[in-house]
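The values are calculated or read from the model by the stated rules, or taken from the named source; none is laboratory data. If you're wondering where the values come from, they're calculated on a predicted model, not measured in any experiment. Cβ atoms come from the backbone with ideal geometry, glycine included; neighbour counts cover every protein chain shown.
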Amino acid sequence: MPSPRLLSVLALMMASPSLAATPEELSVLDAQYKRRDDAVAVKEQEESLKKALTAEPQDYELLWRKARLLQWQADGAGDNPKLKKSLGKQAWDVADQAIKAAPERVEGHYYGAAGVGAYSQAVGIMKALGEGLEGKFNERLDKAIKLDAQYERGAPLIAKGRYYFELPWPKRDLKKSAQLYDKVLAAHPGNLRAWTYLAETRLKDGDAKAALEAVDKALAGSTAYDPPEAQRALAEARKLKPTIEAELK
């Protein structure tokens with residue numbers, strides 16, 4: 001049987017709050033994330049997160065930042081469904097841990113929804129619908145929108161707009177998709193992903209002229225607000241424009 005002294009020590013340890021990541025540590029992680037188009041910076045951030053989460057596995061600030069990085073990687077793995085599925089599921093799982101740690105913070109809900117979305121894209125939308133992932137996606141995303149619809153320059157609303165775009169007929173709603181992008185752009189007119197997705201939606205809806213106007217807005221925009229994210233959106237816009245121009249001929 002443990003001695004009274006040992007029991008006292010254990011009780012004190014259990015009662016003591018765990019150390020959280022310091023502002024300096026979080027600042028380093030955010031600086032690394034800003035350079036996420038650099039493989040070296042990504043590796044550095046993965047190692048920093050692994051070390052920090054080994055010490056503090058339930059730290060909300062660390063958990064959502066890990067989900068953020070995983071989601072960025074999943075978003076960029078479009079030509080590799082197996083990798084996208086794996087990264088999307090990891091982002092989803094880590095974000096759900098973050099939600100448990102701080103259910104009234106937006107980040108966990110947003111990156112959880114984004115992880116479900118990436119996983120669904122990888123397995124195929126029809127299969128995802130059959131597996132009931134639509135509800136899991138909307139549960140997390142709608143909570144994120146309620147908490148802060150303008151988080152990361154309207155990212156939750158962009159995700160919802162993309163959801164309406166990617167749904168199969170008759171569930172697809174291109175009007176709602178465009179309305180959500182317009183809402184984002186009213187608040188964040190420089191968001192290149194919103195302009196690119198709006199162009200795709202307009203093209204799908206049969207309005208190639210409006211699609212061209214939107215894609216040109218993306219191509220003429222500044223990347224200064226978030227260079228890695230903006231450059232990724234620009235790459236999509238460059239691929240999309242010839243399709244729009246062909247439709248106008």
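Sort out which residues of the range 211-233 are part of a helix (DSSP H, G or I) and closer than 16 Å to TRP72 by Cβ, and write them in order of number. Spell out how you get there, then give the answer.
Taking the range 211-233 first, the residues part of a helix (DSSP H, G or I) are 211-219, 227-233.
Across the range 211-233, the qualifying residues are PRO227, PRO228, GLU229, ALA230, GLN231, ARG232, ALA233.
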Residues satisfying the stated conditions in the range 102-148, i.e. among the polar types (S, T, N, Q) and within 16 Å of GLY76 (Cα to Cα): SER120, GLN121
Of residues in the range 24-36 being within 20 Å of TYR110 (Cα to Cα) and in contact (Cβ under 8 Å) with a residue 40 or more places away in the chain, the one surrounded by the fewest Cβ atoms within 10 Å (Cβ to Cβ): LYS34
Pick from the range 127-147, criterion acidic (Asp, Glu) and assigned to a helix (DSSP H, G or I), ranking: surrounded by the most Cβ atoms within 10 Å (Cβ to Cβ): GLU134
Qualifying residue in the range 135-150 (condition: more than 25 Å from LYS183 (Cβ to Cβ) and modelled with pLDDT of 95 or more): no
Residues within the range 77-86 that are surrounded by fewer than 18 Cβ atoms within 10 Å (Cβ to Cβ) and either of a type outside the set (Asp, Glu) or part of a helix (DSSP H, G or I) (or both), tallied: 5
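For the structure I just gave you, tell me whether GLY206 is over 29 Å from ASP96 (Cα atoms), surrounded by fewer than 18 Cβ atoms within 10 Å (Cβ to Cβ), small (Gly, Ala, Ser) and out of contact with any Pro (no Cβ under 8 Å at 6 or more places or on another chain).
Yes, satisfied.
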Filtered residues of the range 192-209 (kept if of a type outside the set (S, T, N, Q), in a helix (DSSP H, G or I) and within 17 Å of ASP173 (Cα to Cα)): ALA194, TYR197, LEU198, ALA199, GLU200, ARG202, LEU203, LYS204
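One line per residue, one yes/no per condition, for (1) at pLDDT 95 or above; (2) among the β-branched types (Val, Ile, Thr); (3) surrounded by 12 or more Cβ atoms within 10 Å (Cβ to Cβ); (4) over 20 Å from the mean Cα position of the chain (by Cα):
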position: ASP38; (1), (2), (3), (4): yes, no, yes, no
position: THR54; (1), (2), (3), (4): yes, yes, no, yes
position: LEU63; (1), (2), (3), (4): yes, no, yes, no
position: GLN73; (1), (2), (3), (4): yes, no, yes, no
position: ILE99; (1), (2), (3), (4): yes, yes, yes, no
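Here is a yes/no grid of residues against (1) small (Gly, Ala, Ser); (2) free of Cβ contacts under 8 Å to residues at least 12 places away in the same chain; (3) more than 26 Å from ALA246 (Cβ to Cβ):
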residue: LEU133; (1), (2), (3): no, no, yes
residue: LEU141; (1), (2), (3): no, no, yes
residue: GLN150; (1), (2), (3): no, no, yes
residue: GLY161; (1), (2), (3): yes, no, no
residue: LEU167; (1), (2), (3): no, no, no
residue: LEU174; (1), (2), (3): no, no, no
residue: ALA187; (1), (2), (3): yes, no, yes
residue: LEU203; (1), (2), (3): no, no, no
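Please verify whether the range 183-197 includes one or more residues that are polar (S, T, N, Q), in contact with a Leu (Cβ under 8 Å, 6 or more places away or on another chain) and at pLDDT 95 or above.
Yes: one or more hits.
Kindly indicate which of LYS51, LYS89 is in a helix (DSSP H, G or I) and touching a Phe, Trp or Tyr at 6+ places or on another chain (Cβ under 9 Å).
Residue meeting the stated conditions: LYS89.
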Residue satisfying all of: in the range 209-233; touching a helix residue (DSSP H, G or I) at 6+ places or on another chain (Cβ under 6 Å) and surrounded by fewer than 18 Cβ atoms within 10 Å (Cβ to Cβ); farthest from GLN150 (Cα to Cα) among these: ALA210
